[in-house]
Amino acid sequence: MKLRRSVAVTVVTGIAATLVAAPAQADGPATWVEWGVCPEEIAIVSPTLQCATVSVPLDYRDPDGVAIDIAVSRIASAKPAERRGIVLLNPGGPGASGLAMPADLVGLGLPSSVSDRYDLIGMDPRGVGLSAPVSCGFTGELDYFSNVPPYAVDDAAVIERARTAKAAAELCVANDTEGRLRHITTANTARDLDSIRAALGEEKASFYGASYGSALGAAHASMFPDTTDRVVIDSNLGDTHLDYAAQRRFGLGVEQTFPDFAAWAAARHGAYGLGRTPAQVRKTYFRLAERLDETPVGYVNGAAFRFTTFAALYGKVNYPALAQDWQSLLRGEDAAVTGAGDRVATPAEMLPWDNFLSAYLAVTCNDVNWPEDVRTYRHAVAKDRKRYPMYGAASANITPCAYWAHEPSEPPVRINDKGPRNVLIVQNLRDPGTPHRGGELIREKFAKRSRLVSVDGSGHGVYVYGDNVCALNVTTAYLVDGTMPKDTFCGPATRRLHADAALRRADTLGQLHRRSAATFGGKAIKEYALPATRG
């Protein structure tokens, strides 16, 4: 596989006009939602998906003011007699579309015992896709192509990146002509979830969310403890929002997860030549990164190489492609970097992932105050470059949130640990974007309301997206029967997925979560299956 241009996400802009109304099922609860045919881009994922819209206030402090439509989808339970209710779904981001998520989960092998018990409800969160999408107007003119900051090789690189971050924040203000950006927050999206529950006529709603979806689920369960049923939060950030501390933990996650790839590559040294031992593979990483800092190969410089490696650690299925790329880069092969169809984006050309980048910034910058002094980032980068040498100087780097025009309209959602014991936390021990520490933090904050399932696994995503039998069984038992376990440790997977199944799972995880094109110098590099939040 080559380091080539990839499409991060296709954004559909038509909403209700594309839906064909259909009456609600007679055997379900009273509902104010008319289900119909999904837009073609969504319907093609699964013929069983139905779509609708739910109207919510843009500003919940002004419930009779401007309203926006939230696009929702569902796969209804095939066994109404066994149906418990609904499970609301979120794939992460923030900024990722979730309309296809019900079909994606079923395609990945979601146990039928779960889909029989619940209607699976997907959605495009506010500001995303079909739900009043926001746009900062990011084009090829500005060197802002990814929500993850690039690796800063020195102090001057942080200062230079600050100029780009400031320009990106100013562009968002200039293009926010409808005044939507300030209202795109985790708290408001949690309110939307409860509005959807009410519109569907349900007294309570269960929830499953991964990556940033864990933060949304934690906020939802905290704000609405009386109307949340069974909550599963997967690959956790550690709180109800993505803040600078959570972003800096990407560096920790890479250090903890890279040894899995290093051991894999060392066992295949005869094929790829990356090192006979994990220690040698690690040295190869630094040798390549430093060489590319000085002399890029095609469009791949040291920052792009580090990001590519970070991205590939999100799933073991990415390892062969990553090893192939390293091998080609060691040889200095330009052909490994670009594909025949690659081209540099024109300055006036809107980035196809503009909506994702815009929604991502809105949520992360509106949820919580970020440091505003560039010196804070310079000091953090210098510290994390030593503490987490593989990726710390990227995850500590400055973002547009340092220059965001809007102050948070309300404090970050505080974890409510006084509600029912209904929050199940599942977390891999080694995850580049959401290290295990995130699961520990959320467990401490939810206290008696929660239990933690720690999985001896590598990569991002546990339930259904992973292949750990113990985690699958424990989580399914909770969703189906309400069996809340004690804090549980699940040992490593004892079986290997069939190759086709593994590839299907990785591809679907990528479609759900990868919304950041790893682009540097106007050129996109290989897109791996990674969540947009890095958390």
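The values are calculated or read from the model by the stated rules, or taken from the named source; none is laboratory data. Every value quoted in this text rests on a predicted model; they were computed, and no experiment measured them. FYI the Cβ positions are ideal-geometry reconstructions off the backbone, even for glycines, and counts take in every protein chain you see. In case anyone asks, the SASA skips ligands and DNA or RNA and just uses the protein heavy atoms, side chains included. Shrake-Rupley method; radii C 1.70, N 1.55, O 1.52, S 1.80 Å.
The residue that is nearest to the chain's Cα centre (by Cα), among those in the stretch 437-466 that are over 15 Å from Gly238 (Cβ atoms) and of a type in the set (Ser, Thr, Tyr), is Tyr465.
The residues of the stretch 353-381 that are under 13 Å from Gly137 (Cβ atoms) and touching a Pro at 6+ places or on another chain (Cβ under 6 Å), listed by number, are Asn355, Leu361. Among the residues of the stretch 41-71, just one is outside any loop (DSSP other than H, G, I, E, B), free of Cβ contacts under 8 Å to residues at least 12 places away in the same chain and over 17 Å from Arg182 (Cα atoms), namely Ala43. Looking across the stretch 137-176, the residues that are more than 15 Å from Ala362 (Cα to Cα), hydrophobic (A, V, I, L, M, F, W, C) and crowded, with 22+ Cβ neighbours inside 10 Å come down to Phe145, Ala152, Val158.
One line per residue, one yes/no per condition, for (1) touching a strand residue (DSSP E or B) at 6+ places or on another chain (Cβ under 9 Å); (2) farther than 30 Å from Glu333 by Cβ; (3) assigned to a helix (DSSP H, G or I); (4) open to solvent by 10 Å² or more (accessible area, probe 1.4 Å):
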position	(1), (2), (3), (4)
Ala215	yes, yes, yes, no
Gly238	no, yes, no, no
Arg276	no, no, no, yes
Leu292	yes, no, yes, no
Ala303	yes, no, yes, yes
Val317	no, no, yes, yes
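If you check every pair at least six apart or on different chains, which have Cβ atoms under 6 Å apart with a residue in the stretch 170-195 that is over 22 Å from Thr399 (Cα atoms) and in contact (Cβ under 8 Å) with a residue 40 or more places away in the chain first and a residue that is among the hydroxyl-bearing types (Ser, Thr, Tyr) and open to solvent by less than 50 Å² (accessible area, probe 1.4 Å) second? Sorted first by the residue in the stretch 170-195, then by its partner, the list stays empty.
Counting only helices (runs of 4 or more DSSP H) that sit wholly inside the stretch 99-189, those with at least 2 residues that are within 18 Å of the chain's Cα centre (by Cα) are 101-108. Here is the figure for the stretch 190-211: residues that are in contact with a Leu (Cβ under 9 Å, 6 or more places away or on another chain) and either assigned to a strand (DSSP E or B) or open to solvent by less than 10 Å² (accessible area, probe 1.4 Å) (or both) total 10.
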